[in-house]
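Novice: Can you read through this structure? Questions will come right after.
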Amino acid sequence: MALSDEERRALEILEQELAESDPDLVRKLQYGTTESNDRAAATAVHGVRTMIAAFTLVIAGIAFEVTIIGVVGFLLLITGSMMLLKGLRPQQGTPEP
């Protein structure tokens, strides 16, 4: 359902008033927050750390011939890979300085 001309004008006026009263909120709505970018980077770092620890468990499982340690390490390796990929997702935009 399309908006009427009067409704469209009213929305444009509200948008202009919002941009004048709170430009930071408008920027966050347009580009996203830096907290989400920081959180994504932290997720990627945790993914790499998890993968390193998991690889160590896999090697230890092979060295000591304990299958359960290798299996747990492999499952952690998959989890770390998923965390890394989630943290490396493309960002939607960058806020202006």
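Novice: With +1 on each Lys and Arg Cβ and -1 on each Asp and Glu Cβ, and nothing else charged, work out how big the dipole of the chain is about its Cα centre, in Debye to the nearest 20.
Specialist: Numbers: 8 positive and 13 negative charges, 177 e Å.
Once rounded to the nearest 20, the dipole reads 860 debye.
Novice: Would you mind checking the tilt of helix 34-64 against the longest principal axis of the Cα atoms of the chain, expressed as 0 to 90 degrees and rounded to 10?
Specialist: That works out to roughly 10 degrees.
Novice: Additional query: Please give me the summed charge of the neighbours of G87: other residues whose Cβ is under 13 Å from its Cβ, Lys and Arg +1, Asp and Glu -1. Don't jump to the answer; show the numbers that get you there.
Specialist: Values: positive: R39, R49, K86, R89; negative: D38.
It works out to a net charge of +3.
Novice: Tell me the mean residue ellipticity at 222 nm calculated for the chain from its helices only (DSSP H runs of n ≥ 4, each -39500 (n - 2.57), averaged over every residue, nearest 500). Kindly include the intermediate steps, with their values, before the conclusion.
Specialist: On the way: 4 runs with 78 residues, N = 97.
After summing the helix terms and dividing by the residues of the chain, the value is -27500 deg cm²/dmol.
Novice: Under 14 Å from the Cβ of E12, count the other residues' Cβ atoms, weight Lys and Arg +1, Asp and Glu -1, and hand me the total.
Specialist: Here the charged neighbours net out to -4.
Novice: Report, in degrees rounded to the nearest 10, the 0 to 90 angle that the Cα long axis of helix 67-87 makes with the longest principal axis of the chain.
Specialist: Computed tilt is about 20 degrees.
Novice: A further question on this structure: Percent of alpha carbon pairs in the chain separated by more than 19 Å? If you can, show how the numbers build up before the last one.
Specialist: Working: 2943 of 4656 pairs.
So the portion of pairs separated by more than 19 Å is 63 percent.
Novice: Here is a further query. Can you give me the % of accessible surface on the chain that is carbon or sulfur? Probe 1.4 Å, all protein chains present, nothing else counted.
Specialist: 64
Novice: While we're on this one: State the answer as a single residue: which of A42, I62, L85 lies farthest towards the positive end of the charge dipole of the stretch 1-88, with beta carbon charges of +1 for Lys and Arg and -1 for Asp and Glu, about the Cα centre.
Specialist: Selected residue: I62.
Novice: Here is a follow-up. Taking each pair of distinct Cα atoms in the stretch 1-54 once, what is the resulting Kirkwood hydrodynamic radius in Å?
Specialist: So the Kirkwood estimate lands at 14.5 Å.
The values are calculated or read from the model by the stated rules, or taken from the named source; none is laboratory data. Computed from a predicted structure; not experimentally measured. Every residue, glycine as well, gets a Cβ built from its backbone with ideal geometry; the counts of neighbours run over all protein chains shown. Surface areas here come from the heavy atoms of the whole protein model, side chains and all, with no ligands, DNA or RNA. Shrake-Rupley method; radii C 1.70, N 1.55, O 1.52, S 1.80 Å.
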